[in-house]
Amino acid sequence: MLSREDFVFTIGYDGPAAVVDKQAKKKYGKFSTRELAEKGLFRAAYSSAVFAGNKEEIALVADAYNALVGKSSSEAPKVDTPAMERLFGVTLVAVNRAVYL
């Protein structure tokens, strides 16, 4: 399994290997989910929350994103729906290797 930092900054997959943004990982790798969301790095923040498996962190990311784009709670994607996965393009994938760009 990938480390948290590798998973958070994965930008795609090349076969059985995750392609990781090395510069973003170096700059933001130690940030918490909240800090990533506050910086506007919503995909990375959502990845961090998914990796942790913490629904409260997922809700935090959703709330921060929805506040930024001005969506009301009725228009916003629900935390427990696949809409969040589609919005950010993130789902847990079992890979053991990373390639750094």
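The values are calculated or read from the model by the stated rules, or taken from the named source; none is laboratory data. Every value quoted in this text rests on a predicted model; they were computed, and no experiment measured them. Here the Cβ is made from the backbone with ideal geometry for all residues, glycine too, and neighbour counts use every protein chain on show.
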Counting only residues that are over 12 Å from the mean Cα position of the chain (by Cα) and farther than 16 Å from Phe88 by Cβ, how many does the range 1-28 have?
14
Of the conditions (1) closer than 16 Å to Arg97 by Cα; (2) assigned to a loop (DSSP other than H, G, I, E, B); (3) not charged (D, E, K, R), Gly40 satisfies every one except a single condition; which number is it?
(1)
Restricting attention to the range 13-27, report how many residues are of a type outside the set (Asp, Glu), part of a strand (DSSP E or B) and out of contact with any Lys or Arg (no Cβ under 8 Å at 6 or more places or on another chain).
3
Lys30 part of a loop (DSSP other than H, G, I, E, B) and modelled with pLDDT of 95 or more
yes
